[in-house]
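Notes follow once the structure below has been shown.
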Amino acid sequence: MSKLKLGGVSKAYGATMALRRGDLEVEAGEVHVLIGSNGSGKSTLCKIAAGSVRPDAGEVSIDGQPVRISGPQAARSLGIGIFYQELSLAAHRTVAENIFLPDLPVTAGLFVDRAALSGRAARYTALFDGVAGDGLSTDAVVENLRADQRQLVEIMKALATEAPILIFDEPTSALDRAQVDRFFDILRDLKGQGRAMIFISHRMDEIFAIGDRVTVMRDGETVATARIADTDQAEVVRHMVGEAGQGAQAAAPAPVAEGETVLAVRGISGVGYSGVSFEVRKGEILGFGGLHGQGQSRVLRAIFGAHPVASGEILLHGTRLAARGPREAIRSGLAYVSGDRGRDGVIHGRPILENVIPIHALRQRLHLANPAALRQKAQAAVEALRTKFAGFSHPINSLSGGNQQKIVIARWLIDRPDVLLLDDPTKGIDLSAKADLFALIRRLAAEGLGIVLYSSEDAELLANADRILVFNGGRVTRELTGEARTRFNLTQAAYEAA
Ligand SMILES: Nc1ncnc2c1ncn2[C@@H]1O[C@H](COP(=O)(O)OP(=O)(O)O)[C@@H](O)[C@H]1O
Ligand SMILES: [Mg+2]
């Protein structure tokens, strides 16, 4: 009899089927790995078990008894503890308070009993002694901790439930090797105690190191379950990609880029990336792929001068870029567009016109005193992108996300750059705006720009990039060209051990 069993659970958010059909059985004394591409429904399945998402259909049972998990509290009392991927910590509270939220020991019904709290919390912080780094103590305030330390606190919080069923939704993404090893020691210990555990990770080496069984999810369904001892990485990847994806290849045959090299990056290293080298030719779209956060954005920002480069060199048209700031990068002919419009793109609350012309102003060393003269140029750039808006004087925030992104790109069209760096540019925009953007990107390449495209969506890369560099742990670990640009190869390269 399974400790935990989910049968035919599903969940829709409006038109999005987050989970079509989830079937999962977890035994006592087992680490059951869940793997699947981003958006395949792993977190939704876990949240259903943890009571933070209510399923539309399906059954959950514990020890063979059907249960109704009406909320997180109910899940806790049924013996289910969870590590949330997006973390559930209260930033202004201490480590000890977070470990025991929402069950803080109180005195006189009101005040937290700090001494009792610290004493109890110390049992969990001690588990990571020697690998947690400076500053992680029971009375440290969570907002002062590093990302890896916060992840450790979230792990401690899950462990402190002492629940017989523990769910870990990507608990190791920010941890270093020593921290992961310690965490695995803890998991082995819990296995020995007969706990039932679900573990989600994107790292094949981790999965094969700690898992007893693996269940693969694809497009909202649990598609296969196997004992780790009876399977291998290639089989897991085949299940992740699916029948239809096996041969699925880049849409267009890769045109051979024969233009001159416009951008050459030679062995650059910095925080979060190392030893990265590549060249981009005129007319070429070079793709950056791999799991999210493997150094792709950092490399693009480093080339643009917005993130430090510790060593290596960057050449534009064969000339070393001495300029180490965005301003100089722009003047040398580099452009950078991020999908994170909130941080990098839009000038909030300002009129559309002011959002179109700053690059022109910078490159021509103009001042913004007489924007009227620029109106015509801006108009042409915006029209090229089929941007819908009422007038240049309207605030940028009045536009949809897709149209805001077009305005941000239009900035770079008044004076053409030589190299366009695209940092996951279509994040959060609708399908028709995406199609317009990629049509424009391909047109710009045809006109001779060198383009580097990082996309977190494999389909976008396969459809648009002539070559794909796969990033893993801050390094380029694979290059996919021509026929090799398949969904299978891209998935395999992204998930293999760094
Ligand atoms: N609260 C939500 N509202 C709308 N869509 C959601 C929500 N949570 C998840 N989704 C969507 O459901 C799908 C599955 O998401 P998730 O379970 O988080 O996948 P995974 O953890 O495998 O990356 C994705 O397409 C995601 O965008
Ligand atoms: Mg998830």
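List of remarks:
- Distances between placed amide hydrogens fall under 5 Å for Ile198 paired with His32, Leu166, Ile167, Phe168, all partners being 5 or more residues away or on another chain.
- If the chain linking Ala234 and Ala15 were pulled fully straight, counting 0.36 nm for each residue of separation and taking away their Cα-Cα distance, it would gain 75.6 nm.
- Secondary structure note: in the chain, about 55% of the DSSP beta bridges are antiparallel.
- Rg in Å to one decimal, and Dmax rounded to a whole Å, for region 4-241 via C-alpha atoms: 17.8, 59
- Note: relative contact order over the chain, using C-alpha pairs below 8 Å and six or more positions apart, is 16 percent.
- About its Cα centre, the dipole of the chain is roughly 1500 debye, where the only charges are +1 on Lys and Arg Cβ and -1 on Asp and Glu Cβ.
- Structure-based [θ]222 nm, the chain - -39500 (n - 2.57) summed over DSSP H runs of at least 4, per residue, nearest 500: -9000 deg cm²/dmol
- Selection of trypsin sites (Lys or Arg not before Pro), region 155-203, meeting DSSP coil and at most 13 other Cβ within 10 Å: none
- Dipole axis of the chain (+1 Lys, Arg; -1 Asp, Glu on Cβ), positive-most option in Ser311, Ser61, Leu101: Ser311
- Cross-link check: pairs Lys47/Lys434; Lys11/Lys406; Lys377/Lys406; Lys388/Lys434; Lys11/Lys191 evaluated at a Cα-Cα cut-off of 23 Å; pairs beyond the cut-off: Lys47/Lys434; Lys11/Lys406; Lys11/Lys191.
- Exposure proxy shown here: for Lys11, Lys427, Lys388, the number of other Cβ atoms within 10 Å sets the order, fewest to most, as Lys388, Lys427, Lys11.
- In a DSSP loop and with at most 15 other Cβ atoms within 10 Å, the GluC sites (Glu not before Pro) in region 52-161 are Glu86.
- Footprinting exposure proxy for Asp230, Asp458 (fewest neighbouring C-beta atoms within 10 Å first): Asp230, Asp458
- D by Stokes-Einstein for region 4-127, Kirkwood Rh over Cα pairs, 4 °C, 1.567 mPa s: 78 µm²/s.
- Shape box of the chain [Cα atoms, principal axes, largest first, Å]: 71, 55, 46
- Arranged from fewest to most other beta-carbon atoms within 10 Å of their beta carbon, Ile228, Ile198 become Ile228, Ile198.
- Radius of gyration and Dmax over the Cα atoms of region 261-495, both given in Å: 17.3, 53
Laboratory data are not the source of any read-out in this text; all were calculated from the coordinates shown. Predicted model only: the values in this text are computed from it and were never measured. Neighbour counts are summed over all protein chains in view; Cβ atoms, including those assigned to glycine, are modelled from backbone coordinates with ideal geometry.
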